[in-house]
Amino acid sequence: MSWRPGDPAPALPDDPDRTVLDVEAGRVPGDEQGVLRVLGQLWLSGARIDWAGVHEGRPPRRVALPAYPFERQRHLVEAAVPGPDARSAAVPVPAWSAGAGTLDRVAALFAEILDLPDVEPDDSFFDLGGDSLIATQFVARARLVFPVELVPRTLFEAPTAAELAALIDERAAADGAR
């Protein structure tokens, strides 16, 4: 009787519920691991395997598997109910002096986001320690302050406070003209 992996399990003609696979010593596929692999494939294809016969009366080898403790814990996450002005309450916008221009506000935001005491107009956001993730935070913060559309790429195009302030003023003027 021949069988290949993927074929249905072979059955005896007089007893279709019983499958017998007799492996001769010279036809064993490689080693013990090969025989066990073939038996595993037979088992997966639906054959019933007499594992006691496979192990010839020896107890099967036990393999320790890594385990972790399972402890059921229930957690309840309640949705936060936003207030009437949740956006401005969540992130306070700093108070600007009455005469603060765009450059002063951009420099103050650079300092706030980068946690610096002060920023010069020609200091690059990225030279001061900013990266793309911090740029995303800066843009989210700047959207609350400036009435123009900013994206993180804007900081790559205008990395200094002076360049970004000029770009914001330019876009604000263009938006005001529309």
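Every number in this text was worked out from the coordinates using simple rules, so none of it is lab data. Quantities reported herein were computed from a predicted structural model and do not represent experimental measurements. Cβ placement follows ideal geometry from the backbone for every residue including glycine, while neighbour counts extend to all protein chains displayed.
Between D50 and E120, 0.36 nm times their residue separation minus their Cα-Cα distance comes to what? Working shown, then result.
Working: separation 70, 0.36 × 70 = 25.20 nm, distance 8.07 nm.
Extending this stretch completely gives an extra 17.1 nm.
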Most packed first (mean Cβ within 10 Å per residue), the peptides 151-161, 116-126 order as 151-161, 116-126
Residues with amide H under 5 Å of T160's amide H, sequence separation 5 or more or different chain, H placed in the peptide plane at 1.01 Å from N; which?
F125
